[in-house]
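What follows is one structure encoded as C-alpha cells, with my remarks underneath.
The values are calculated or read from the model by the stated rules, or taken from the named source; none is laboratory data. Just so you know, these numbers come straight off a predicted model, no measurement behind them. So basically every Cβ, Gly included, is an ideal-geometry build from the backbone, and we count neighbours across all protein chains shown. Remember, those area values only see protein heavy atoms, side chains included, never the ligands or the DNA or RNA. Shrake-Rupley method; radii C 1.70, N 1.55, O 1.52, S 1.80 Å.
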Amino acid sequence: RTGDLTVPEKFALYQNYPNPFNPDTKIRFDIAGKYNEAVKVDLSIYDVLGRQVVTLISKDMNPGTYEAIWDAADSPSGIYFFRLTTTRFTDAKKMILLR
C-alpha cells in the first residue's frame with residue numbers, strides 16, 4: 001500500500017519490524033522515479049541456504065513508499081533474508097523468526 005503521496009528521491013529497503021518477529025513482520029520500501037512511471041518490483045524471502053521461501057511482490061509499481069507483510073506462521077524458526085529487486089536497485093536485509 002502507498003504510505004504517502006510524495007515520490008521518494010531514491011530507492012530504499014528498510015529493516016523489517018519487528019525483528020525478531022513471530023509470526024508476522026512488516027517490510028517497508030521506497031520506489032523512486034518519475035510520478036506515474038511504473039517500475040518492475042520483486043520482493044522475496046529466502047532462507048539461510050538461499051532457497052526462495054515466498055515472493056511477496058512481483059509486479060509493476062509506481063514510485064512511492066510501500067509496506068508488505070510476511071506471515072511466517074508456517075515457517076520454522078531461523079534466519080531469513082528479504083530482497084528487493086528492481087531494474088535499477090537491489091538490496092537485501094537479514095531478519096530472525098523466533099518461536
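With a Förster radius of 22 Å applied to the C-beta separation of Ala73 and Ala12, the computed FRET efficiency comes to 0.20. At 1.4 Å probe size, with every protein chain present, just tell me what the per residue accessible area of the chain comes to in Å². Each residue of the chain exposes 60 Å² on average to a 1.4 Å probe. Does the chain come out rounded, prolate or oblate by the C-alpha gyration tensor, with a ≥ b ≥ c the root eigenvalues, rounded set by a/c under 1.5 and, if not, prolate when a/b is larger than b/c and oblate if not? It comes out prolate by the Cα gyration axes.
The HN-Hα couplings worked out from phi for the stretch 57-68 by the Karplus form 6.51 cos²θ - 1.76 cosθ + 1.60 (θ = phi - 60°) are 9, 8, 6, 7, 9, 6, x, x, 9, 10, 9, 10 Hz, whole numbers, x standing for Gly and Pro. Put simply, the amide H of Ile57, placed in the peptide plane, has neighbours under 5 Å in Leu43, leaving out anything fewer than 5 places away on its chain.
Counting charges near Arg83 (Lys, Arg +1; Asp, Glu -1) among other residues having Cβ under 10 Å from its Cβ returns a value of -1.
When you filter the GluC sites (Glu not before Pro) in the stretch 1-95 for DSSP loop state and at most 14 other Cβ atoms inside 10 Å of their Cβ, you are left with Glu9, Glu37.
Between Asp91 and Asp24, what length comes free when the chain is fully extended (0.36 nm per residue of separation minus the Cα-Cα distance, one decimal in nm)?
22.0 nm
In the stretch 37-82, what trypsin sites (Lys or Arg not before Pro) fall in a loop by DSSP, with at most 12 other Cβ atoms inside 10 Å? Answer in residue order: Arg51. Listed values for the stretch 89-99 are Karplus-derived 3J(HN,Hα) couplings in whole Hz (6.51 cos²θ - 1.76 cosθ + 1.60, θ = phi - 60°), namely 7, 9, 8, 9, 9, 9, 9, 10, 9, 10, 9, and x replaces Gly and Pro. Largest accessible area first, the listed residues Tyr14, Tyr80 line up as Tyr14, Tyr80 when surface is computed with a 1.4 Å probe on the assembled protein chains.
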